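For reference, the structure discussed in these notes is given below.
Please treat every number below as a calculation from the coordinates, not as lab data. Everything quoted here is computed from the prediction, not taken from an experiment. Neighbour counts are summed over all protein chains in view; Cβ atoms, including those assigned to glycine, are modelled from backbone coordinates with ideal geometry.
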């Protein structure tokens, strides 16, 4: 077993241990500790996904899913970890869509934890059918993305010298795994009264 494979197994073990600690923190009503634990677990999930992407083994298990359920679950889970107002909007969501729910959840969780760092009062998680694209979005009321990050992301680097960019790189890779009828998923970053992260998946 090489170091990379050993690291992957270690990540799985660490995530299982964190899940136990998170359960105790939630039972004790310790939202701040719960958030720290779950954010750390999400970071490990991204690291494992990055490992798979580099090994060319990151694949998507596409199946029929209910976008409204995912949006609602994320809002409830994140709402337990913060005093900010977390809203879910699935009024324009399709009843079903085909995507890999685990990978999409990972991408949206990363966007949500980023939003938690910069939001002032509110974060909105939404899903909408937009002209034969499923659009998941995370919108906050913070200062917005830096100008150099705005717009459709096509050439995101995996990681910068200060350790940032991994989440966006993986979001791009996950989006690209969703293809249909000559169209490929993508991510977009915009400022609209705050930062808005969008993941678009083709029908």
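Given Cα pairs under 8 Å that are at least 6 residues apart, what percent is the relative contact order of segment 63-202? Show your work: numbers first, answer last.
Working: 276 pairs, mean separation 31.8, N = 140.
RCO, segment 63-202: 23 percent.
Ordered by packing density, taken as the mean number of other Cβ atoms within 10 Å over each peptide's residues, highest first, how do 138-144, 93-99 rank?
138-144, 93-99
If you average the sequence gap of Cα pairs under 8 Å that are 6 or more apart and divide by the length of segment 3-54, what percent do you get for the contact order?
Working: 22 pairs, mean separation 22.4, N = 52.
Relative contact order, segment 3-54: 43 percent.
Set the Förster radius R0 to 22 Å, insert the Cβ-Cβ distance between residue 52 and residue 10 as r into 1/(1 + (r/R0)^6), and round the FRET efficiency to 0.05.
Numbers: r = 15 Å, r/R0 = 0.67.
Working from the Cβ atoms, E equals 0.90.
Output the antiparallel fraction of DSSP beta bridges having both residues in the chain, as a percent to the nearest 5.
Values: 27 of 33 bridges.
Around 80 percent of the beta bridges assigned by DSSP in the chain are antiparallel ones.
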